[in-house]
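The values are calculated or read from the model by the stated rules, or taken from the named source; none is laboratory data. Given the structure is predicted, the values throughout are model-derived calculations rather than measurements. Cβ sites come from the backbone with ideal geometry, for glycine too, and all protein chains shown count toward neighbours.
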Amino acid sequence: MTHEEMKRNYHFNNPIIQTNYTADPAPMVYNGRLYLYTSHDEDGSTWFTMNDWRCYSTADMVNWTDHGAVMHFRQFHWARGDAWAGQCVERNGKFYFYVPISKKGGWNAVGVAVADSPTGPFWDPLGHPLVETNTGDIDPTVFIDDDGQAYLYWGNPYLWYVKLNEDMISYDQEVGVVQVSLTPEGFGKRVSDDPKRPTLYEEGPWFYKRGGLYYMVYAASGIPENIAYATSPSPTGPWTYRGIIMPTQGTSFTNHPGVCDFKGRSYFFYHNGALPGGGGFTRSVCVEEFTYNPDGTFPTINMTTSGVSPVANLDPYIRQEAETIAWSYGVRTEPCSRGGMNVCRIDDGDYIKVRSVDFGTGAAAFSACVASVKDGGAMELRLDRPDGELIGVLDVPNTRDETNWQLCRTSVSRAFGVHDLFFVFRGKGEAKEELFKFDFWQFDPIE
Ligand code: FUB
């Protein structure tokens, strides 16, 4: 997609993150929210230039709150880079984030970091890798079974697992590091001369259980990848190959699955190269809703730009973060001087879409927390389209310092019922770029 197409296609919902290149989606449901951990392709990358992991969360599957970079590879003092695909899981109120990283003077290894909150801060409790085989130790996936036994699978081209101990930062030494037998019956037959890759299994495993059946969903078939899966009656096999879920699509030669249920619906996360400047090293995460077949098998899932429908409406009468976004054009996010994140790089004509906002019996006023060192600008509040009904205009003054945040307010009319809300940004005078920063917003209802 070009920049022009992105601006025009305000009705798109995939990719779900437009403010950064993101890859390797790993969903985790916790406390009524879905947290999505992603790796992060640096702008303009021509290789896997990846330094940190980001986190986004949602309560409605369409509006995603940006929690920023929740961990950098430097958190592991033994790492030299390559912050690739990870997965986070909660156990007893702690959050365990398993990630592959390259060792200083060595190859990829799997590390684990721990936090007291899903958005960090994460720290390395071991000071060394959790596990390494020196055979492509990437893409860890973790699952805690009903009996409390946790499993960690990973690897490219081989598939390995360990049984994690209850502390989640060590593993059963008696069982040790187990290599899964990659048979054509288990993972599909590949037509290839590479003895290391006899099956469709490539990388990016995603391991979970549903209705007594264990699933191993994985990036498959070599480059360019599609996504296939196997199932097993036990957490450690034997595995049966079940076919391709997502054909090779999009403009990224890799793909990476993340599967979960949330609020009674099933979701399939993946990545492609759909954003402007996107491709194999500048990827973007997307999501599709699907329904399992009655026998537990997957339907075919195709990449779409329409994405998923909301599972809840957004309440405009409580504080909402500016970085809670369904679709946006032009803007970026950054750590906020007040803590958390804010929206930045706001140029004239940029916009943010917030989906499914329930104004109920009507809104009377709108407030936003903003900061600017320019002439300021304005925020047009519009319904359903960037050029939709204008319900109010907020004047943004020069606050003289980008850390001098001010709460500005304006009256609003004709905002009733459920609508997509667009913040359309406008310059003032000569100012057209980097107009102001935007931290949070809230409407007041008609009394
Ligand atoms: O993102 C870097 C690597 O590309 C991941 O570890 C693989 O799964 C592939 O997506």
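Could you go through the stretch 231-242 and let me know if any residue there is closer than 18 Å to residue 303 by Cα and surrounded by fewer than 24 Cβ atoms within 10 Å (Cβ to Cβ).
No, that holds for no residue.
Search the stretch 273-288 for residues being surrounded by fewer than 22 Cβ atoms within 10 Å (Cβ to Cβ) and under 26 Å from residue 230 (Cα atoms), and hand back the single one that is farthest from the ligand (Cβ to nearest atom).
Only one residue tops the list, namely 288.
Right, residue 212: out of contact with any strand residue (DSSP E or B) (no Cβ under 7 Å at 6 or more places or on another chain), in the same structural domain as residue 40 (by TED's automatic domain parsing) and in contact (Cβ under 8 Å) with a residue 40 or more places away in the chain or not? Break it down into steps so the answer makes sense when it comes.
Working: out of contact with any strand residue (DSSP E or B) (no Cβ under 7 Å at 6 or more places or on another chain): yes; in the same structural domain as residue 40 (by TED's automatic domain parsing): yes; in contact (Cβ under 8 Å) with a residue 40 or more places away in the chain: no.
The answer is no for residue 212.
Go through the residues of the stretch 115-131 one by one and say whether even a single one is within 16 Å of the ligand (Cβ to nearest atom), surrounded by fewer than 19 Cβ atoms within 10 Å (Cβ to Cβ) and either at pLDDT 95 or above or within 19 Å of the chain's Cα centre (by Cα) (or both).
No: the stretch 115-131 contains no residue that is within 16 Å of the ligand (Cβ to nearest atom), surrounded by fewer than 19 Cβ atoms within 10 Å (Cβ to Cβ) and either at pLDDT 95 or above or within 19 Å of the chain's Cα centre (by Cα) (or both).
Any idea which residue in the stretch 67-90 is surrounded by the most Cβ atoms within 10 Å (Cβ to Cβ), counting only those that are in a loop (DSSP other than H, G, I, E, B) and within 12 Å of the ligand (Cβ to nearest atom)?
By that ranking, first place goes to 85.
Given the conditions (1) surrounded by fewer than 21 Cβ atoms within 10 Å (Cβ to Cβ); (2) touching a residue at least 40 places away in the same chain (Cβ under 8 Å); (3) within 30 Å of residue 147 (Cβ to Cβ), and given that residue 320 satisfies all but one, which numbered condition is not satisfied?
(3)
For residue 227, indicate whether it is outside the structural domain of residue 21 (by TED's automatic domain parsing), of a type in the set (A, V, I, L, M), within 22 Å of the chain's Cα centre (by Cα) and closer than 21 Å to residue 37 by Cβ.
Working: outside the structural domain of residue 21 (by TED's automatic domain parsing): no; of a type in the set (A, V, I, L, M): yes; within 22 Å of the chain's Cα centre (by Cα): yes; closer than 21 Å to residue 37 by Cβ: yes.
No; evaluated as a whole, the condition is false for this residue.
If you take the residues of the stretch 27-53 that are more than 18 Å from residue 102 (Cα to Cα) and under 9 Å from the mean Cα position of the chain (by Cα), which of them is nearest to the ligand (Cβ to nearest atom)?
This residue is 37.
Just to be sure I understand, how many residues within the stretch 132-178 are farther than 21 Å from residue 23 by Cα, within 16 Å of the ligand (Cβ to nearest atom) and among the aromatic types (Phe, Trp, Tyr)?
2
Just checking, how many residues over the stretch 93-109 are assigned to a strand (DSSP E or B) and within 16 Å of the ligand (Cβ to nearest atom)?
Let us first name the residues in the stretch 93-109 that are assigned to a strand (DSSP E or B), namely 94-103, 108-109.
Those left that are additionally within 16 Å of the ligand (Cβ to nearest atom): 97-103, 108-109.
Counting residues in the stretch 93-109 that are assigned to a strand (DSSP E or B) and within 16 Å of the ligand (Cβ to nearest atom) gives 9.
Of the residues that make up the stretch 196-205, is at least one hydroxyl-bearing (Ser, Thr, Tyr), within 16 Å of the ligand (Cβ to nearest atom) and closer than 21 Å to residue 137 by Cβ?
Yes, some residue in the stretch 196-205 is hydroxyl-bearing (Ser, Thr, Tyr), within 16 Å of the ligand (Cβ to nearest atom) and closer than 21 Å to residue 137 by Cβ.
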